[in-house]
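The structure appears below as structure tokens.
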Ligand code: 3PG
Ligand code: MG
């Protein structure tokens, strides 16, 4: 696989697939620019070599062609500020104007193309569309780890039209760090899994049972475990059809000698709202009209003690509904414990993308852990052992 450091971009027009699928508020302001800032070293290396950059990305999931809400033009100014140079914009990713702008791009310049998903051909992995895109540059760089699990035109199919396919810094770091966790973890190795559904995490949990010393389970999915064990969960989240699976996982953990740790208490609410009435109850004793929305104080203590003694930590998924400030305590406390293990116990800590990445960034701890992944689904699939089309296209 060609990497950025072994490739000289002087005089080249690099067509770079980035994942600029960032959250925007209703004023089209970026609320988390992690994915943009992550790609800056890739762009700067190419410019420094004397090359130019043509950036292509999707944003959201537009269904019917061009939509104001999903236009990448909203990213031009913030990206220009971060890069410290005026980024040019093509209001279509293919066609005459994109070709002309790409052709007249000079070394040191950056051009951002309009949303690839304004063409349905992108998600279909259309070969003709991929070939049209490929004409814009003479070397393809893939730095879109967050979209590497998609076999789309710009993420994978396009590779066949380039002699030179180069792995970007983000892509490289993601793969190296995921491999480090999966194959070279120092012990004790603790995985802490959260989020709403067991079904999203089952394959990863099963794989981790062969690797970890401690598996901590928190977040919405714990209630399915509790119910399966005969406890009362009131109106908490439940995947009824996954109860047998939950019991199977408990048995497997035991068989493999993995220390499986679940919440011992929960912060419950009488409605799904930040302003609901709250009370802390023991696991399995949630009253009829209540639902668990966060882990409780004894659980925080229990999880924290394990994390602080760990040498390798993988965290994926929040401990509760952290979007409600009154139920963010558990998730924030875990973020603090991961930081403490990283700084004081020299642990290697990898934070899975998506919600856990937002949680750690919102808490201001993003640069105090070892690595925050830019991938949500892509990281999960990579860690499950699947081949990612975006990575395979570089090989
Ligand atoms: C993501 O945020 O998951 C990636 O950008 C991929 O987007 P998608 O899930 O809409 O394919
Ligand atoms: Mg996704």
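Some points to look at:
- Enumerated helices (runs of 4 or more DSSP H) restricted to segment 278-395, each holding at least 1 residues that are modelled with pLDDT of 95 or more: 297-308, 329-344, 377-384, 389-392
- Residue within segment 333-354 that is without any contact (Cβ under 8 Å) to a residue 12 or more places away in the chain and either in contact with a helix residue (DSSP H, G or I) (Cβ under 6 Å, 6 or more places away or on another chain) or on the phi > 0 side of the Ramachandran plot (or both) present: no
- Candidates are the residues of segment 359-375 that are buried (at least 21 other Cβ atoms within 10 Å of the Cβ) and under 18 Å from residue 19 (Cα atoms); the one that is farthest from ligand 2 (Cβ to nearest atom) is 372.
- Answer residue from segment 122-131, given it is in a helix (DSSP H, G or I), in contact (Cβ under 8 Å) with a residue 12 or more places away in the chain and in contact with a helix residue (DSSP H, G or I) (Cβ under 9 Å, 6 or more places away or on another chain) and is farthest from residue 63 (Cα to Cα) among those: 131
The values are calculated or read from the model by the stated rules, or taken from the named source; none is laboratory data. As the structure is a computational prediction, the values presented were derived from the model and not from experiment. So basically every Cβ, Gly included, is an ideal-geometry build from the backbone, and we count neighbours across all protein chains shown.
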